[in-house]
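Taking it in order: structure first as structure tokens, then the write-up.
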Amino acid sequence: MKKTIMISLLSAAAMMMFATSADAKSFDDNSDVGVSFKSDDPTTPGDNKPYKDNLSLVWKPSSFEFGQQKAVGGVATFNNTVEGKQYLVVNDDRGDETLSTWELKAKFSEMTTADGKTKLTSKLVYGLGDLQGYDIGTTIDPETNDFIAPNPATDEGASSLGTLAPDSKVVLGGNTLTLEAGNTTAKTVMNKTEATKTKGGYATLIKDVKLVATDAKKDLASGKSFTGQVTWTLDDLQP
């Protein structure tokens, strides 16, 4: 029985081979098919845990998305398509009697194709909303001794945002910031300028985010996808 099956397969293969003319030619072309699954939330928790008794970036934008665009050449500006409000939130819950100064900075990597062979000369431009106070919450997980879940950064419903403490000594790095792709020098987003005894959270709304492609030539960008990354760095400046 096993021998019969082998002969049948070989016979079928032979028939397929001879059915194709020696002069026939076959060409393959491709059409891109893509899907990506992103977080539904415009803002996502930071990774510097635990949040309790620590200085942490608690909330950050989940991503900045600029859609599928047509390569037009020259300078082109694309708007962030992520829906919902995106916040940056720093929380200082350190147990020290005097809380040292700190600085939150940002830098933007190169925008490159997946193989890294093509770069898109660009810059990321975004505005910063007024500084607000932030309440992280009080519910503690006894097993981890950390907040079970930090309050969402929102000004809707049971808002976790409020008036900034007058003695916070926290300021923004500007109303509008520009990050050049590939520039390794980070820019200050917000910082605490003087040591104080004030604990608490500090929030700013990231708004009007734009990607400015300064050299989106058709022969360079057409048919390609580019990705990059914003790195947020929170430095404890304790001497």
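The values are calculated or read from the model by the stated rules, or taken from the named source; none is laboratory data. Given the structure is predicted, the values throughout are model-derived calculations rather than measurements. FYI the Cβ positions are ideal-geometry reconstructions off the backbone, even for glycines, and counts take in every protein chain you see. Ligands, DNA and RNA are stripped out before the accessible areas are found, and what is left, the full protein with its side chains, is counted by its heavy atoms. Shrake-Rupley method; radii C 1.70, N 1.55, O 1.52, S 1.80 Å.
The residues on offer are ALA149, ALA153, ALA71, and the sole one that is part of a loop (DSSP other than H, G, I, E, B) and open to solvent by 40 Å² or more (accessible area, probe 1.4 Å) is ALA149. Applying the criterion of being surrounded by 14 or more Cβ atoms within 10 Å (Cβ to Cβ) and among the aliphatic types (A, V, I, L, M) to the residues of the stretch 221-238, the residue that is farthest from the chain's Cα centre (by Cα) is ALA221. In the stretch 109-146, the residue that is surrounded by the most Cβ atoms within 10 Å (Cβ to Cβ) out of those that are without any contact (Cβ under 8 Å) to a residue 60 or more places away in the chain and over 21 Å from LEU88 (Cβ atoms) is ASP141.
One residue stands out in the stretch 74-108 among those that are assigned to a strand (DSSP E or B) and open to solvent by 20 Å² or more (accessible area, probe 1.4 Å): the one that is farthest from THR138 (Cα to Cα), namely THR77.
Residue-by-condition table, conditions (1) modelled with pLDDT under 95; (2) open to solvent by 70 Å² or more (accessible area, probe 1.4 Å); (3) under 16 Å from the mean Cα position of the chain (by Cα):
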residue	(1), (2), (3)
THR184	yes, yes, no
THR196	yes, no, no
TYR202	no, no, no
ASP219	yes, yes, no
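Which residue is nearest to the chain's Cα centre (by Cα), if the candidates are limited to the stretch 156-182 and must be of a type in the set (S, T, N, Q) and exposed (fewer than 15 other Cβ atoms within 10 Å of the Cβ)? Ranking the candidates gives THR178 first.
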